[in-house]
């Protein structure tokens, strides 16, 4: 929940909206302070020669709003300030101290409210292209040495996880640890995959990169069923896209390489991560620093994305999946995030090369954030914390970790077998997928919720999407930029422009942050209480290099890397 920031959108979207020309947004119906919202300082669109400031309020992205159905009844009856949009997922923040300079590292995970549910009860995709366990993860860097929002330096990188976009399921009635995978419906024209990737092109632009981590070599075909169908769907859809915007498919059997003694899993993932970040780029709200212009790094010059006068934009996104999108996926996302973090730090002028080593305070802090992120998402979808962690794939986990892994596996199995059905009913009721009505069956009387999530099975649609022109009109014209971020009439209708006096209390960030009218304690201040690289990770020995980018031995760290 946030009272002043739109959590349903990425940082890139929120700041891109503020850069839109004022003339394209101002209308005769521009609202005044009576319908105010919190806009930071004077970062809004300034009026020419006056003391007024224009702020922008964007429509939340409904896919990641979990209380949208609950707000329907009051949306037109109450003031906008009373409408509080809630996202479900994860939010964590830590402070990276670089010789006393505070850098906030924030990790936000937005779980989709479409086709939401528990592990074995929600697999694949529904008829509208929404997939199970779909989570958008965004890592944000903020230079906290500058408090002014308009003068601050920000950077973000977004990646996505989600179930394989096909009609598939697993039958849990047999009480097997790994129920067989079943393809429920033939989809020769990749209709459901087309709907899913169309959504992604609108929100993220191109290229869409799929990192498929499911097993490729099996004695009895199990996970490979999904790979074969996904390859066929991507191959079909790419026929109609221009080659420069084609969906990129990267298959990598992570489980196979984990068992191999000759292959370092994380080294291989690091190579994949470098290629991905070079293609998509990342977002930063400031131009390249002079040091990177005068002494450009070879890797920096190869970076993709879109370079604009105010910085860089991320174009495209990495979509990672395994079968559950939990353990393997979280480790892969961490490695991609670690690679992107190096570029983000380099873009802010904090390191001299876009490269980070393991066993540094910075990477340990970042790894802890991703472990908490993975545990939380795993509890929400799978019923237990992560079974395999980054330490497992680095092969440095202590022997006690194996017993913990067994307990987490048993906990996940118990949750899937005995409590997932009730949790699924609760989710269906909360999201309004099931609406109680007099004279109709109760929720617990329904034999399945299939028809609640696949509404087209009860009524055939009169209009069908083209099998070749499968993207939304206008999307292709603006690629590689995301259609949601370009200036057009459709996107302007999602925005509300509001006018303030620049000295109004409602937009005074000093009062908002420091709250001088309240008695506060330093011990309770989040900025001081949050995880700190110097306090929590740096060794306390005399003569230790205080840089968070120095490689340390395991016995030198302030916090154990072995758990």
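The values are calculated or read from the model by the stated rules, or taken from the named source; none is laboratory data. The model shown is predicted, which means the values in this text are computed figures rather than measured ones. With ideal geometry, Cβ positions are generated from the backbone for all residues, glycine too; neighbour counts draw on all protein chains shown.
Kindly list, by first and then second residue, each pair from a residue in the stretch 273-291 that is within 12 Å of residue 343 (Cβ to Cβ) to a residue that is modelled with pLDDT of 95 or more and part of a loop (DSSP other than H, G, I, E, B), limited to pairs with Cβ atoms under 7 Å and residues at least 6 apart or on different chains.
Pairs that qualify, where the first residue is within 12 Å of residue 343 (Cβ to Cβ) and the partner is modelled with pLDDT of 95 or more and part of a loop (DSSP other than H, G, I, E, B), are 280/314; 280/315; 280/316; 281/314; 281/315; 282/314; 283/314.
Among the residues of the stretch 260-307, what is the count of those that are under 23 Å from residue 334 (Cα atoms) and in a helix (DSSP H, G or I)?
Here the count works out to 18.
Of the conditions (1) in contact with a helix residue (DSSP H, G or I) (Cβ under 7 Å, 6 or more places away or on another chain); (2) assigned to a helix (DSSP H, G or I); (3) in contact (Cβ under 8 Å) with a residue 24 or more places away in the chain, residue 257 fails just one. Which one is it?
(3)
For the stretch 147-189, name all the residues that are within 30 Å of residue 283 (Cβ to Cβ) and either at pLDDT 95 or above or not assigned by TED's automatic domain parsing to the domain that holds residue 316 (or both). Quick ask: steps written out before the conclusion?
Within the stretch 147-189, the first condition is being within 30 Å of residue 283 (Cβ to Cβ), and the residues that meet it are 147-165.
Residues satisfying the conditions are 155, 156, 157, 158, 159, 160, 161, 162, 163, 164, 165.
Checking the conditions here, which among 235, 182 is assigned to a strand (DSSP E or B) and more than 21 Å from residue 333 (Cα to Cα)?
182 is the lone residue from the list that is assigned to a strand (DSSP E or B) and more than 21 Å from residue 333 (Cα to Cα).
Got a sec? Which of 281, 304, 349 is touching a helix residue (DSSP H, G or I) at 6+ places or on another chain (Cβ under 8 Å) and on the phi > 0 side of the Ramachandran plot? Steps first, answer last, please.
On the way: 281 fails: touching a helix residue (DSSP H, G or I) at 6+ places or on another chain (Cβ under 8 Å); 304 fails: on the phi > 0 side of the Ramachandran plot.
Sole residue among the options that is touching a helix residue (DSSP H, G or I) at 6+ places or on another chain (Cβ under 8 Å) and on the phi > 0 side of the Ramachandran plot: 349.
Please verify whether the stretch 95-110 includes one or more residues that are outside any strand (DSSP E or B) and without any contact (Cβ under 8 Å) to a residue 12 or more places away in the chain.
yes
Given the conditions (1) in contact with a helix residue (DSSP H, G or I) (Cβ under 9 Å, 6 or more places away or on another chain); (2) closer than 30 Å to residue 367 by Cβ, and given that residue 527 satisfies all but one, which numbered condition is not satisfied?
Residue 527 satisfies all of (1) in contact with a helix residue (DSSP H, G or I) (Cβ under 9 Å, 6 or more places away or on another chain); (2) closer than 30 Å to residue 367 by Cβ except (1).
In the stretch 441-467, what residues are part of a loop (DSSP other than H, G, I, E, B) and surrounded by 11 or more Cβ atoms within 10 Å (Cβ to Cβ)?
Result: 441, 446, 449, 454, 465, 467.
All but one of (1) modelled with pLDDT under 80; (2) surrounded by 15 or more Cβ atoms within 10 Å (Cβ to Cβ) hold for residue 536; state the number of the condition that does not hold.
With respect to (1) modelled with pLDDT under 80; (2) surrounded by 15 or more Cβ atoms within 10 Å (Cβ to Cβ), residue 536 is out only on (1).
Please indicate, with yes or no, whether at least one residue in the stretch 139-157 is under 24 Å from residue 335 (Cα atoms), in contact with a helix residue (DSSP H, G or I) (Cβ under 7 Å, 6 or more places away or on another chain) and assigned to a loop (DSSP other than H, G, I, E, B).
no
Could you go through the stretch 100-115 and let me know if any residue there is in contact with a strand residue (DSSP E or B) (Cβ under 6 Å, 6 or more places away or on another chain), under 29 Å from residue 167 (Cα atoms) and modelled with pLDDT under 95.
No, the stretch 100-115 contains no residue that is in contact with a strand residue (DSSP E or B) (Cβ under 6 Å, 6 or more places away or on another chain), under 29 Å from residue 167 (Cα atoms) and modelled with pLDDT under 95.
Only one residue in 385, 380 is within 27 Å of residue 87 (Cβ to Cβ) and not in a helix (DSSP H, G or I). Which one? Step through it out loud before you land on a result.
Working: 380 fails: not in a helix (DSSP H, G or I).
Only one candidate passes the filter, namely 385.
Could you list, ordered by first residue, the pairs with Cβ atoms under 6 Å in which the first is in the stretch 364-379 and closer than 11 Å to residue 326 by Cα and the second is assigned to a helix (DSSP H, G or I), at least 6 apart or interchain?
From residues that are closer than 11 Å to residue 326 by Cα, the pairs are 374/330.
Looking only at the stretch 5-37, which residues are at pLDDT 60 or above, out of contact with any helix residue (DSSP H, G or I) (no Cβ under 7 Å at 6 or more places or on another chain) and either loosely packed, with under 12 Cβ neighbours inside 10 Å or assigned to a loop (DSSP other than H, G, I, E, B) (or both)?
5, 7, 9, 10, 19, 20, 21
How many residues does the stretch 190-209 contain that are more than 12 Å from residue 129 (Cα to Cα) and either in contact with a strand residue (DSSP E or B) (Cβ under 7 Å, 6 or more places away or on another chain) or not assigned by TED's automatic domain parsing to the domain that holds residue 478 (or both)?
5
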